[in-house]
Amino acid sequence: MSTITRPVKIAIVDDHNLFRKGLIKLVNLADKNSNKYSILFEAENGNELIQKLDRKSLPDIIIMDIDMPEMDGYESVNWLRKFFPEINILVISTFESEEHILRMMRLKVQGYLSKNIKVEDMHCALEAIINKGFYYTDKVAGIMADELQKEAGKEKGNGEEGIQLSENERQ
């Protein structure tokens, strides 16, 4: 993935106005007055996101919440993958369970952060997505690695659920 020389266009999709404003502030703090990032628009949910997308000026990165009314993050990401697969998606959510993270990873998002982040985390995530095409915290990478190992074990037929122990071996 190549480095973008113009300002990186960002859209923020979250149903909480205060949190959207906070994310804008966080992005601007990460920017450190270098005008590297440009907030293209904000949306309250996936439906509003769809209405605001302009094919002539698409965001480079969409910062997306999961839990939103009308059209949630899963539905929104699924729609984006069908119609605008080139847009990078960074999920920021209060949901930190393996189930939520894996569901978003299967939808091919480029990053997943907890809403309990620091300015540096936002900056690292945006920079990594711009330069490498992805950003995964240690927690997310660990969950993905565990899932891949489970799937590999199932394919080989020697995953935990595939092992049959005799009565003597169980004792």
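Listed by chain and number, the lysines whose alpha-carbon sits under 22 Å from that of K56, ignoring those within fewer than 8 places in the same chain, are K9, K36, K82.
The lysines whose alpha-carbon is closer than 18 Å to the alpha-carbon of K118, local same-chain residues fewer than 8 away aside, are K21, K25, K32, K139. When only the Cβ of Lys, Arg, Asp and Glu is charged (+1, +1, -1, -1), the dipole of the chain relative to its Cα centre reaches about 940 debye. About the centre of its Cα atoms, region 42-102 shows a dipole size close to 480 debye [charges on the beta carbon of Lys, Arg (+1) and Asp, Glu (-1) only; nearest 20 debye].
Taking the protein heavy atoms of the chain in the context of the full set of protein chains, the accessible area attributed to carbon and sulfur is 49 percent at 1.4 Å. Between R103 and I24, the modelled labels are 2.9 nm apart [label points 7 Å from Cα along Cα→Cβ]. Surface exposure of the chain, expressed per residue as accessible area with a 1.4 Å probe, stands at 58 Å².
With each label modelled as a point 7 angstrom along the Cα→C-beta vector, the S34-T5 pair spans 1.7 nm. Between the listed residues A152, L102, I87, the Cα displaced farthest toward the positive end of the dipole of region 52-161, a dipole computed from Cβ unit charges relative to the Cα centre, is found at I87.
Three principal axis extents describe the C-alpha atoms of the chain; from largest down they are 67, 33, 29 Å.
For the residues M105, M122, M144, a 1.4 Å probe over the protein chains yields an accessible-area ranking, largest first, of M144, M105, M122.
The 3J(HN,Hα) values that the Karplus relation (6.51, -1.76, 1.60; θ = phi - 60°) gives for region 83-98 are, in residue order, 9, 9, x, 6, 6, 7, 10, 10, 7, 10, 9, 7, 6, 10, 6, 4 Hz. Gly and Pro appear as x.
Between H16 and S57, the contour length at 0.36 nm per residue exceeds the Cα-Cα span by 12.3 nm. Under Stokes-Einstein, with the Kirkwood radius over Cα pairs standing in for Rh, what whole-number D in µm²/s applies to region 32-132 at 25 °C and 0.890 mPa s? Calculated translational D: 174 µm²/s. Bridgeable lysines around K132 (alpha carbons under 16 Å apart, same-chain partners fewer than 8 residues away excluded): K108. For I39, nonlocal amide neighbours, meaning residues 5 or more places apart or on other chains whose placed amide H falls under 5 Å from its own, are I10.
The values are calculated or read from the model by the stated rules, or taken from the named source; none is laboratory data. From a predicted model like this one, the values you see are computed outputs, not experimental measurements. Methodologically, a virtual Cβ is constructed for each residue, glycine included, from the backbone with ideal geometry; neighbour enumeration extends over all protein chains shown. When the accessible area is computed, the model is the full protein with side chains, heavy atoms only, and any ligands, DNA or RNA have been set aside. Shrake-Rupley method; radii C 1.70, N 1.55, O 1.52, S 1.80 Å.
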